[in-house]
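The values are calculated or read from the model by the stated rules, or taken from the named source; none is laboratory data. Remember, predicted model here, so these are calculated numbers, not experimental data. For neighbour counting, all protein chains shown are included, and Cβ atoms are generated from backbone atoms with ideal geometry for every residue, glycine included. Only protein heavy atoms, including side chains, enter the accessible area calculation; ligands, DNA and RNA are left aside. Shrake-Rupley method; radii C 1.70, N 1.55, O 1.52, S 1.80 Å.
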Amino acid sequence: MFRQISLVCLLAFSSHCKGQDVIPQVIPQCPLSVPGLTWEFKDGRDQAIMAIPTRDMCYLECLNTAGCAGATWQLNDIAEGICFLFKEIEEYQPCHFCESAKAPLPVNDVCNAPEDDVLDIQDVKNQLDCIDRCARKSGECQFYSYFGEESILPNKCMLFKSCEDVTNAEGCPDIHSGEIQCFMPPQCSDYKILDHFTRKDTFRQFHLCDTNDNIENIASPDWDEDGWYRVKGEAGSYIPEYEVPFQSCGTVHSGYLKDTHPVMYGETKNATVCFTDADEPCAFEKEIQ
């Protein structure tokens with residue numbers, strides 16, 4: 001079980017109630033894509049390909065295009081699906097019915113790692129499948145070498161912890177190596193902190209409130225207007241997923257998560273928070289992410 005929530009994103013809400021020092025187990029995976037975000041498209045530099053019906057087909061287009069830094073697949077009723085290939089990826093911007101992925105950082109030739117750094121050799125369908133196998137070993141796998149259908153080891157995928165040395169693959173066609181890039185949404189690194197001890201669900205004093213109004217003796221000391229927050233320190237590490245008593249957590253209407261937390265690193269999830277009253281365990285609700 002994890003004590004911290006650094007890569008699980010939840011938006012703080014107008015309650016003062018936070019959980020104990022344990023959060024639900026998080027599946028350790030490096031997310032390769034993120035929905036709802038893309039980059040600025042520039043004519044003449046970037047490329048749009050029509051009639052690409054699936055996300056994976058779009059990502060394969062990027063892997064097979066020299067200089068592609070990232071791809072966005074967007075659902076489109078007229079063109080079935082549009083694949084945007086980017087030469088440069090800078091600041092994120094929102095998009096509708098879309099999902100984006102960064103291309104791996106290319107590594108020339110084939111990784112030549114010590115035996116202890118070779119995690120596995122697997123049969124795969126294509127390069128994207130090889131990258132996905134590496135991502136599922138997040139925390140271990142950082143590099144891969146994919147041997148294509150025209151190579152000496154057709155459709156083999158080698159997974160590595162490191163790639164400090166390489167073997168010259170000149171004369172050996174259709175071999176692709178790279179370093180995977182985990183795709184974390186911006187709020188997983190750009191957030192505020194909730195860490196005041198009064199937020200613990202065992203705290204029964206004070207009547208503080210997460211409010212944007214500067215009300216003396218009422219506003220929470222660690223609240224800084226609406227935004228993305230991480231719960232840590234003396235506040236605990238997550239929003240409770242269980243009913244908390246009325247007038248707990250240093251406030252009057254204590255809040256708890258009606259749903260469950262995300263289970264994937266970097267996942268952003270819509271959820272509902274319940275607020276307690278003297279007579280009702282869920283007197284009113286608020287939608288959060």
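Shown here is the pair-distance distribution of the range 68-174: with all Cα-Cα distances grouped in 10 Å bins from zero up to the longest one, the shares run 13, 36, 31, 16, 3, 0 percent. Note on the range 138-289: with charges restricted to the Cβ of Lys and Arg (+1) and Asp and Glu (-1), its dipole about the Cα centre is near 360 debye. Within the accessible surface of the range 160-200, defined with a 1.4 Å probe on protein heavy atoms only, the carbon and sulfur portion equals 44 percent.
In this rough spin-label picture, where each label sits 7 Å from Cα along the Cβ direction, the Ala51-Val118 distance is 4.4 nm.
Across all directions, the average flat footprint of the convex hull enclosing the Cα atoms of the range 162-260 is 10.6 nm². Set Lys and Arg Cβ to +1 and Asp and Glu Cβ to -1, take the dipole of the chain about its Cα centre, and tell me which of Thr276, Leu63, Ile131 lies farthest positive. Checking the options against the dipole of the chain, the answer is Thr276.
Each of the peptides 70-79, 170-179 was scored by the mean count of other Cβ atoms within 10 Å over its residues; in descending order, highest first, they stand as 70-79, 170-179. As a ratio to 2.2 N^0.38 Å, the alpha-carbon radius of gyration for the range 163-206 is 2.62.
Across the chain, the convex hull enclosing all Cα atoms gives 160 Å³ per residue. Please name whichever of His261, Pro240, Thr167 sits farthest to the positive end of the charge dipole of the range 155-289, dipole taken about the Cα centre and charges placed at Cβ: Lys and Arg +1, Asp and Glu -1. Of the options given, the answer is Thr167. Within a straight-line Cα-Cα reach of under 20 Å, Lys87 can be paired with the following lysines, leaving aside sequence neighbours fewer than 8 residues apart in one chain: Lys42, Lys102.
Leaving out ligands and nucleic acids, note down the accessible area per residue over the chain with a 1.4 angstrom probe, in whole Å².
Here the residues of the chain average 53 Å² of exposed surface.
Using Cβ point charges alone (K and R +1, D and E -1), the dipole size of the chain about the Cα centre works out to roughly 420 debye. Computed about its Cα centre, the charge dipole of the range 115-200 is approximately 780 debye, with only Lys, Arg, Asp and Glu carrying charge at their Cβ. Based on DSSP H segments of at least four residues, each scored -39500 (n - 2.57), the chain has a per-residue ellipticity at 222 nm of -2000 deg cm²/dmol.
Under 19 Å of direct C-alpha separation, and excluding same-chain neighbours fewer than eight residues apart, Lys125 reaches these lysines: Lys137, Lys156.
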